[in-house]
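Only the coordinates and a few stated rules stand behind these numbers; no lab work does. Values in this document were obtained by computation on a predicted structure and should not be read as measured data. No Cβ is skipped: glycine too gets one built from the backbone with ideal geometry, and neighbour counts run over all protein chains shown.
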Amino acid sequence: MSTGDCAGPSASTAKARGGKKIGKKKWAIEVDERTAAMSQPALECRAMNHAWHSVRLSVARRLELLKLGQTERVRECQRCDTTRTTRRQLPSYDVLSDAYHYPDTSYLVPKGSGRLSAAEADKALLVQEMAGE
Ligand SMILES: [Zn+2]
């Protein structure tokens, strides 16, 4: 009985490995491991840029900024909910600050690990799509 238990699982593991190898050899796609923790919207935005739309300031906020001689543009991504706020000096329109706020940590790669390129994000998306087929 114990011999049968050992032979069974190892035989099926070998089959599964064989099947994966065929796919990997054919396409030879290796994905950046940092993309594993990223959500699909995050990967899409990294691959294709954010889908910004402008968020209108309230009258109170606009007046508050005008008192400081400033204005700001707030953008929100329709896909991943990241916001970007660009504060400008009036009347020069020089940028005072330009800040991104991410809805969660799935958009970012670990600090100090370097930038994830658009191509790497796109590749991870492709592999996700292929896995769903
Ligand atoms: Zn986005």
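Quick notes on this structure:
- Given R0 = 30 Å, the distance between the Cβ atoms of residue 95 and residue 53 translates into a calculated FRET efficiency of 0.90.
- Listed peptides 92-104, 118-130 by packing density, highest first (mean Cβ within 10 Å): 118-130, 92-104
- Near residue 125: Cβ cut-off under 11 Å, other residues only, Lys/Arg at +1 and Asp/Glu at -1. The net charge is -2.
- Highest average first, the peptides 44-51, 109-116, 72-79 ordered by how many other beta carbon atoms sit within 10 Å of their residues are 44-51, 72-79, 109-116.
- Residue 62-residue 122 FRET efficiency (beta carbon distance; Förster radius 30 Å; 0.05 resolution): 0.20
- For residue 55, the residues whose modelled amide H falls within less than 5 Å of its own, excluding neighbours fewer than 5 places apart on the same chain, are 74, 75, 76.
- In Hz, Karplus ³J(HN,Hα) per residue of the range 114-129 (6.51, -1.76, 1.60; θ = phi - 60°; x = Gly, Pro): x, 7, 8, 6, 4, 5, 5, 5, 5, 5, 4, 5, 4, 5, 4, 5
- Per-peptide average of other Cβ atoms within 10 Å, ordering 30-41, 60-71 highest first: 30-41, 60-71
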